[in-house]
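Reviewing the structure listed below.
The values are calculated or read from the model by the stated rules, or taken from the named source; none is laboratory data. What you see is a predicted model, and the numbers here were worked out from it, not measured in a lab. With ideal geometry, Cβ positions are generated from the backbone for all residues, glycine too; neighbour counts draw on all protein chains shown.
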Amino acid sequence: MLRLALRRFLSMIAIMAVVSFVLFLIFEADKLAVAGKVLGPYSTLEQRELWLQQHGYDRPFLVRYVEWVWKALQGDFGESLRYKVAVADLLWDRLANTALLAGLVFALMIPLSLTLGILAGMREGSWTDRTVSFVSILTTSFPEFASAAVLVAVFVFWLGWLPGTAAMTQGFSWRELVLPVAVLVLYDFGYVARMTRASMAEVMTSQYIRTAILKGLPRWRVVLVHALRNALITPFTVIVLQLNWLLSGVIVVEVFFAYKGFGSLLYDAATFGDIYLIEACTMVAVFVAVFTQFLSDVGYTLLNPRIRFR
Amino acid sequence: MATIPRPTPSRSRRRRSLLALLAAARESPLVVGGAAIVLFWVAVAVLAPWLPLPDPNQPLEPFRPPLSVSADGSTTFWLGTDHKGRDILSRLIWGARRVLIWATLATASAYGVGIVMGLAAGYLGRIWDEALSFLANILLSFPVMVLYIVIITRIGASPLNIVLAVTFASAPGIMRIVRGLVLDLKTRDYVAAAEVRGESPWWIMFVELLPNARGPLVVDACLRMGYTTIALATLGFLGLGLPPPDPDWGAMVAETLPMGAFAGHAMIFPALAISSLVLGFNMLADGLREMSLKE
C-alpha cells in the first residue's frame, strides 16, 4: 500500500516537473516576447534588452527555469502584468472563491447523483432506471454555457427571480451563486449518476446479493448493507476525478456569470497575455488535477481490498 | 521457404453482419432517436446552400421576434433575427455546417493520432509503451479547458489550430482505449498466426488488430463527436473559436447574451441547437453500447 502511494506520488512529481518545463518553454523561451509583453507593444528594442538585462534574463534558460521553479515552490510566482500585484495574492483569493463554488456543487451533486444512481441500478430496466438514464443523458448534453443561457433566459429575464451575474459587486450574495451552482450540478451529476447506476446494477446481479435475497433478508437491508459497500467504490473514484472536469466547467461558468474565481482569472490572464499569471494558474490547475488523480488511485486501493498493485 | 497465403475475409459475411446490425439498431429507441437527430443536422448542413434562406451574414431587420415577416413581406424570420438583423434560422443552419465539418475533422485527426499511439503502445510495448503512456499522462493531467485555453491563446484561433488543440486534448484518451483493447487482442491466435506467417508489425497492427477493436471505438467516437462539438461551441462562446463573421453556435450565444432581456430568442435557439446535436451523439453512443452489451 505504502509502496503504491509512493510510486504514484513520484509519478505525480515527474508529471508536474515536465509540465512546468514545457510551460516555461512555451512562455519564456522567447525572451524578447516576454519583455514586449511586460513593457507593452510600443517599447523599443533597446528598452526591452535593458529590461531583460535588469531582470536576469541574460542567464541561460535552464538557470532561469530552476530559479522560477524554486521561487514558485515558495509561493512566489512573480507579479501580474495586468493587475500589478503579486500573482500569489491574486491567486489565493480567487482560489478561495472557486473552492466555495466547487464545494457547493459537490455538496449538492454527490447526494443527488448517488441517490439517483442507486435507485436506477437497484432494478435494472425498470421505469425509474429508464427515466434516470435518459435525464442524465439529456443534462450532460447541454454544455455549461448553453444551459446557463437557457436558465438565465427563464429565471432572470422571464421570471425575474434571480440575478444574472455573480460578480458580487455589492458584497457577498448567496442568491448570485444559485445559477452558477445549478449549471455545474446539472452538467456534472449525470455522469456520476450513470457510473453509480452501472456499478450498482453489476453488484445487484452478483451471487452474494442473490444469496442475501434468497435468505429472505428485507430488500432495504440487502441494498443498504450488502450492495452499497461494493457499489460505491467506482463512484468514489469517479467523483474524485470529477474535480478535473469541474475545473473545465468552472472556467466557462465563471466567465459567463463574471464570478471572481480562479477560472475567470485564468481566462482573463490568457486573453490578456499576462504571462506570469497564466503560468501560475496553469500550474495550480494541473496540480489540482494530478493530485486528485493520486487521491483517487490511493483511495481506490484502500476501498477495494481485492486490488493489490505491485 | 514456403509462403503462407493470407486468409481473405469473406465479403458476404461482412455484408450480412451490417444488415443484422441495422436490424438490431431499429430495436433500440436510443439509437433510432440519436441517429435521427444527428442525421437531421447533417442533412440540413449539407442542404444549406439550396435551402430558401437569407444570407446568414446579411443584416436585415434587427431584433425581430420568431415567426415575424420582413417589412416588404418577402421573407419570414421563422426564428427571428439577432441584434445585427441577421436571420437566426439561416445562421443556425450554416452554423451546423461549420460545427459538423470542423468537429468531424478534429475528431478524425485525434483518432488518427490516438490510434497510431495506442497500437504502438499496446502491440510494440516496452519502451514505446512507457514513452507514449507518459506523454499521454502529461496531456491528461491538464483540465481540458485549461489545455484548450493555453494552446489557443498561444498559437491563435484559426480553424487548423483548433483541430490541433482538439487532437492534443483527445488523442491521449483515445490512445488509452486502443492500448487497452490491443493488450487484450494481441494474445489471440490470429495474431500469433500472422506473426508466424511473417507479417510486418504494421500489417498486424492495422489489419489484424484495429478492425477487431472497432466495436468499442465506434461507441467512443460518437461520444467524442459530442465532446468535440461541446469544445468547439464553448471555445466559440469564450471568443477563442473559429473566427467571425461566419455563424458559430457558441459565438451566437455570447454575442446575444447582453440583449437577452428583450431578445432572449436570439440566444436560446443556438443554445438549444448545440445541445440537441450533442444529445444526438450521446444517445447514439449510449444505444450502441447497450446493443454491444446484449450480444
**Item:** Number of positions in segment A:205-226 that are under 16 Å from residue A:124 (Cβ atoms) and not basic (Lys, Arg)
**Value:** 6
**Prompt:** Is there a residue in segment A:174-181 that is farther than 25 Å from residue A:259 by Cβ and of a type in the set (Lys, Arg)?
**Reply:** no
**Message:** Kindly evaluate residue A:90 against the criterion of being closer than 28 Å to residue B:141 by Cα, surrounded by 13 or more Cβ atoms within 10 Å (Cβ to Cβ), touching an Asp or Glu at 6+ places or on another chain (Cβ under 8 Å) and among the hydrophobic types (A, V, I, L, M, F, W, C).
**Reply:** no
**Asked** Can you tell me which residues in segment A:11-56 are of a type in the set (Val, Ile, Thr) and either in a helix (DSSP H, G or I) or in contact with a Ser or Thr (Cβ under 9 Å, 6 or more places away or on another chain) (or both)?
**Response** A:13, A:15, A:18, A:19, A:22, A:26, A:34, A:38
**helices (runs of 4 or more DSSP H) lying entirely in segment A:107-226 (those with 2 or more residues that are within 30 Å of residue A:97 (Cα to Cα) and touching a residue at least 40 places away in the same chain (Cβ under 8 Å))** = A:127-140, A:144-152, A:174-204
**Complete:** Reported set for segment A:231-252 where residues are polar (S, T, N, Q) and under 12 Å from the mean Cα position of the chain (by Cα) is A:242, A:244, A:248
**Message:** Quick check on residue A:203: is it of a type in the set (Val, Ile, Thr) and under 30 Å from residue A:286 (Cβ atoms)?
**Reply:** no
**Message:** Taking the conditions exactly as written (more than 27 Å from residue B:279 (Cα to Cα) and either acidic (Asp, Glu) or touching a strand residue (DSSP E or B) at 6+ places or on another chain (Cβ under 8 Å) (or both)), does residue A:202 satisfy them or not?
**Reply:** no
**Prompt:** Just checking, how many residues over segment A:284-310 are touching a Ser or Thr at 6+ places or on another chain (Cβ under 6 Å) and at pLDDT 85 or above?
**Reply:** 3
**Request:** Working carefully through the options B:257, B:279, find the one that is within 24 Å of residue A:267 (Cα to Cα), surrounded by fewer than 24 Cβ atoms within 10 Å (Cβ to Cβ) and facing chain A (nearest Cβ under 8 Å).
**Result:** B:257
**Asked** Right, residue B:109: within 14 Å of another protein chain (Cβ to nearest Cβ), assigned to a helix (DSSP H, G or I), among the small types (Gly, Ala, Ser) and in contact (Cβ under 8 Å) with a residue 40 or more places away in the chain or not?
**Response** no
**Request:** Just give me the residues in segment B:175-192 being in a helix (DSSP H, G or I) and surrounded by 15 or more Cβ atoms within 10 Å (Cβ to Cβ), in sequence order.
**Result:** B:175, B:176, B:177, B:178, B:179, B:180, B:181, B:182, B:183, B:185, B:191
**Request:** Just give me the residues in segment A:259-278 being among the small types (Gly, Ala, Ser) and either assigned to a helix (DSSP H, G or I) or within 11 Å of another protein chain (Cβ to nearest Cβ) (or both), in sequence order.
**Result:** A:263, A:264, A:269, A:270, A:273
**Item:** Test: residue in segment A:279-301 that is outside any helix (DSSP H, G or I), surrounded by fewer than 17 Cβ atoms within 10 Å (Cβ to Cβ) and in contact (Cβ under 8 Å) with a residue 60 or more places away in the chain
**Value:** no
**Request:** Kindly list, by first and then second residue, each pair from a residue in segment B:195-224 that is within 29 Å of residue B:294 (Cα to Cα) to a residue that is among the polar types (S, T, N, Q) and surrounded by fewer than 19 Cβ atoms within 10 Å (Cβ to Cβ), limited to pairs with Cβ atoms under 6 Å and residues at least 6 apart or on different chains.
**Result:** B:215/B:292
**Prompt:** If we keep just the residues of segment B:129-165 that are polar (S, T, N, Q) and under 15 Å from residue B:175 (Cβ atoms), which is farthest from the other protein chains (Cβ to nearest Cβ)?
**Reply:** B:133
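Here's the yes/no breakdown for (1) in contact with a His (Cβ under 8 Å, 6 or more places away or on another chain); (2) at pLDDT 90 or above; (3) under 23 Å from residue A:138 (Cα atoms):
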| residue | (1), (2), (3) |
| --- | --- |
| B:251 | no, no, yes |
| B:256 | yes, no, no |
| B:259 | yes, no, no |
| B:263 | yes, no, no |
| B:274 | no, yes, yes |
| B:278 | no, yes, yes |
**Request:** Report yes if some residue within segment B:22-43 is without any contact (Cβ under 8 Å) to a residue 12 or more places away in the chain, under 23 Å from residue B:245 (Cβ atoms) and either part of a loop (DSSP other than H, G, I, E, B) or of a type outside the set (A, V, I, L, M) (or both); otherwise report no.
**Result:** no
**Asked** Counting only residues that are within 12 Å of chain B (Cβ to nearest Cβ), buried (at least 24 other Cβ atoms within 10 Å of the Cβ) and either in contact with a Pro (Cβ under 9 Å, 6 or more places away or on another chain) or aliphatic (A, V, I, L, M) (or both), how many does segment A:109-153 have?
**Response** 4
